[in-house]
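Remarks on the structure that follows.
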Protein chains: 2
Amino acid sequence: MPTLDDVGLAAGVSRGTVSNVFNRPELVRPELRERVEAAARALGYGGPDPKGRLLKEGRFNAIGFMPPGAYAIAEMVRSPYGRELLMGAASACDAAGATLSLVNGTDETRMASIREALVDGFILGNVVDIDVVASVKRRRLPFAILESDAGADVNSIRIDARSGAIAAVRHLARLGHKRFAILSIRRTVGPAIVHRPGHTDRALMAGFALDHQRLQGFEAALAEASLSIADVPVIETTPGDPHAGSAVFDHCPQATAIMTMSDWQAITVLDEARRRGIDVPGQVSVVGFDGTAEAARTMPSLTTVAHDIVGKARLAAEMVLENGSPRQVVMPVELVVRGSTGKPPSAFPARK
Amino acid sequence: MPTLDDVGLAAGVSRGTVSNVFNRPELVRPELRERVEAAARALGYGGPDPKGRLLKEGRFNAIGFMPPGAYAIAEMVRSPYGRELLMGAASACDAAGATLSLVNGTDETRMASIREALVDGFILGNVVDIDVVASVKRRRLPFAILESDAGADVNSIRIDARSGAIAAVRHLARLGHKRFAILSIRRTVGPAIVHRPGHTDRALMAGFALDHQRLQGFEAALAEASLSIADVPVIETTPGDPHAGSAVFDHCPQATAIMTMSDWQAITVLDEARRRGIDVPGQVSVVGFDGTAEAARTMPSLTTVAHDIVGKARLAAEMVLENGSPRQVVMPVELVVRGSTGKPPSAFPARK
DNA sequence: GCGAAATTTTGGAGCGCTCCAAGATTTTTA
DNA sequence: TAAAAATCTTGGAGCGCTCCAAAATTTCGC
């Protein structure tokens, strides 16, 4: 690959002049400029290599996006939620003329990826592994975390998940539901985990802040209806597990109201209900969580605890790009009532 | 920001030793290593800056993805098709341990983005503007183009769109349809363009290779049924235009079979049909194009000309990452018959 | 036609790092 | 204990570029 010097040599001018031809052509006499351009063409020189500029300028003009949890990028894009995150981050980058780098990383390579990513800052999806935060801090780049509060010196944006969970339960309770089931998120790999009625808080509450808040919200609102969360079956499935829906119906046959922790899960529940001939909302009500675009398109359309996912990620990207003093933002949620929730069946006919 | 030299100075060792501490710690005596690490901690040095390494190593270990057409990244992620492209490219990058950079670019900034993107290669979505190809060539980096054939010296992957279009028409003709409408893609910004029956080929065939091939396929298969494409109304809408569906029903009220050029468009047609109380496939049959995951989830599910979008993008990424000799690949398509196509209504009741 | 002013061109410094041959130190061997 | 071997540390070169002060050249005014 020829360099500025090679072109200069060929054209009989100095490196500086060649650089000017490409970056500030108005500074170079037209005649000379043409000579240089001809030499560049002859050598197959396609303009200054960004690598050199980079070192001088010191910034990549890019921010890195680490997908939530242990997702691979491709899985994130598949997920309704992750996809909207990406849209938000991308639109902020677009607006700022920055590049969005999708930083992948298995559990083994994540740290190295963070150390070596060619970016000026990071957006971290829901962070499961706290080492990730330490690793990013070490690079002394601006960053923002989604759905985890990492202290006053770190940008973070989370939703008011507790209120959302409360709203979901109240809505269902007001409709008359008494038999609930919770479809929660398993943050490790593996098949569904089933917590049968009688489980203890400790088994449930371990883990991730967002999930914790939602469970607390469920618990508090169930208490308002004189119900204990300990009597509600809780199933944990990994995001994207296509069997989430069948796990619920298999393990919670008497539930009339299923509360989930993501629209994606709720959608698998609707799919499975259709497959089994279970009427939603006639026999079972289903509530999603997230408020993705997909939730509005299901049959029946999905009642869900919605928030502005795109806006959340956009804000995160803006925080990183602006690199101001750290902020912790809590975003509101809103229960969007659609077609997947209704009164419980008045007589409780046995379901198969 | 402290540098290797600063740390070396503070620890009383040379730059080289500090570099070794971070990159090949086994080469440094434990005692010294600790002294260096302590100095680094004290200075807040978080490890070697990737910028320096980069210049030395010469590669970014990243490939750039330019969205199809004039999409912004966010729009691409929103689109069912673009999203699957992204999944494919991301999974290949994941597998290779490379980063995927989403290179944005408005019409004005695209060239500059290409010139300066910090990547080792490019995937170009459907290229509308031929200058983009020239611009990428100038950087002398490996690249692959989707849905455009740019000659034997350029990697390209396209689908056998003509066959797909033919299969769609034959399927509908075999069901008995005689009155078709085509929902085509407008590759410039603006509202729907309506070509009423009697239009000329020239008005239609201008533009983008992929669309051209599909129209030719439609034309050929219509001819088999003794129909001329000139008598078939053609509507062009931009990708993602939510009014695509209503444009079709407004302008083609007698059509019993609507052939589209993307699942996204077809989905808006289904939505609009539901809104207007038009039964699909009872009154109108609809065929999509692409075979996205969304097409399987609509109500009714969408008959569509499918191909392996994820695989296409994955292959493109692999071509770029491998940097072998250029190949031109044509991928097969397959008509997937689902619920959105059926016999035309036997009596032709007027629709409102 | 000459000096001053304006315009063009030059090449060194430096961005932060890795590599590597050479030098310094420690350990082993006879 | 001295020489040989093994181990550890050093600092220069170089990656390709941009910036900038200074030098070279051209243009201008009278």
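Odds and ends about this structure:
- Scan of the stretch B:148-164 for residues that are of a type outside the set (A, V, I, L, M, F, W, C) and part of a helix (DSSP H, G or I), ordered by number: B:Arg162, B:Ser163, B:Gly164
Yes/no matrix, rows are residues, columns are (1) more than 7 Å from chain A (Cβ to nearest Cβ); (2) of a type in the set (Val, Ile, Thr); (3) in contact with a strand residue (DSSP E or B) (Cβ under 6 Å, 6 or more places away or on another chain); (4) open to solvent by less than 40 Å² (accessible area, probe 1.4 Å):
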{"residue": "B:Val21", "(1), (2), (3), (4)": "yes, yes, no, yes"}
{"residue": "B:Glu26", "(1), (2), (3), (4)": "yes, no, no, no"}
{"residue": "B:Ile63", "(1), (2), (3), (4)": "yes, yes, no, yes"}
{"residue": "B:Pro68", "(1), (2), (3), (4)": "yes, no, no, yes"}
{"residue": "B:Pro80", "(1), (2), (3), (4)": "yes, no, no, yes"}
{"residue": "B:Leu86", "(1), (2), (3), (4)": "no, no, no, yes"}
{"residue": "B:Ala92", "(1), (2), (3), (4)": "yes, no, no, yes"}
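- With respect to the conditions (1) outside any helix (DSSP H, G or I); (2) surrounded by fewer than 19 Cβ atoms within 10 Å (Cβ to Cβ); (3) in contact with a Lys or Arg (Cβ under 9 Å, 6 or more places away or on another chain), A:Leu118 falls short on a single one, namely (2).
- Among residues of the stretch B:41-61, those that are of a type in the set (Gly, Ala, Ser), near DNA strand C (Cβ under 8 Å from one of its atoms) and surrounded by 14 or more Cβ atoms within 10 Å (Cβ to Cβ), counted: 1
- Answer residue from the stretch A:165-188, given it is assigned to a loop (DSSP other than H, G, I, E, B) and under 21 Å from A:Ile267 (Cβ atoms) and is least open to solvent (accessible area, probe 1.4 Å) among those: A:His177
- In the stretch B:10-31, the residues that are more than 10 Å from DNA strand D (Cβ to nearest atom) and farther than 11 Å from B:Tyr45 by Cβ: B:Asn23
- Pairs with Cβ under 6 Å, 6+ apart, first in the stretch B:46-64 and more than 8 Å from DNA strand D (Cβ to nearest atom) and at pLDDT 95 or above, second assigned to a helix (DSSP H, G or I) and open to solvent by less than 20 Å² (accessible area, probe 1.4 Å): B:Ile63/B:Val320
- Which listed residue is open to solvent by less than 20 Å² (accessible area, probe 1.4 Å) and of a type outside the set (Ser, Thr, Tyr), from B:Gln328, B:Gln283, B:Gln265: B:Gln265
- For the stretch A:257-294, the candidate set comprises residues that are of a type in the set (Gly, Ala, Ser) and assigned to a helix (DSSP H, G or I); within that set, the residue that is nearest to the other protein chains (Cβ to nearest Cβ) is A:Ala293.
- Flag: B:Glu34 matches the condition of being away from chain A (no Cβ under 14 Å), more than 7 Å from DNA strand D (Cβ to nearest atom) and surrounded by fewer than 19 Cβ atoms within 10 Å (Cβ to Cβ).
- Filter pass, B:Arg139 being over 28 Å from A:Pro67 (Cα atoms) and in contact with a helix residue (DSSP H, G or I) (Cβ under 8 Å, 6 or more places away or on another chain): yes
- Subset of the stretch A:227-250 (residues that are open to solvent by 30 Å² or more (accessible area, probe 1.4 Å), without any contact (Cβ under 8 Å) to a residue 60 or more places away in the chain and over 20 Å from A:Gln213 (Cβ atoms)): A:Asp231, A:Pro242, A:His243, A:Asp250
- A:Ser163 vs. criteria at pLDDT 95 or above, among the hydroxyl-bearing types (Ser, Thr, Tyr) and farther than 24 Å from B:Gly97 by Cα: yes
- Which numbered condition A:Ala96 misses (of (1) open to solvent by less than 20 Å² (accessible area, probe 1.4 Å); (2) more than 10 Å from DNA strand D (Cβ to nearest atom); (3) within 14 Å of chain B (Cβ to nearest Cβ)): (1)
- Top-ranked residue in the stretch B:1-19 [being within 7 Å of DNA strand C (Cβ to nearest atom) and not in a helix (DSSP H, G or I); ranked as surrounded by the fewest Cβ atoms within 10 Å (Cβ to Cβ)]: B:Met1
The values are calculated or read from the model by the stated rules, or taken from the named source; none is laboratory data. Here the structure is a predicted model, which is why all the values come from computation and not from measurement. Heads up, the Cβs are rebuilt from the backbone with ideal geometry, glycines too, and the neighbour counts pull from every protein chain shown. Calculation scope for accessible area: heavy atoms of the full protein, side chains included, ligands and nucleic acids excluded. Shrake-Rupley method; radii C 1.70, N 1.55, O 1.52, S 1.80 Å.
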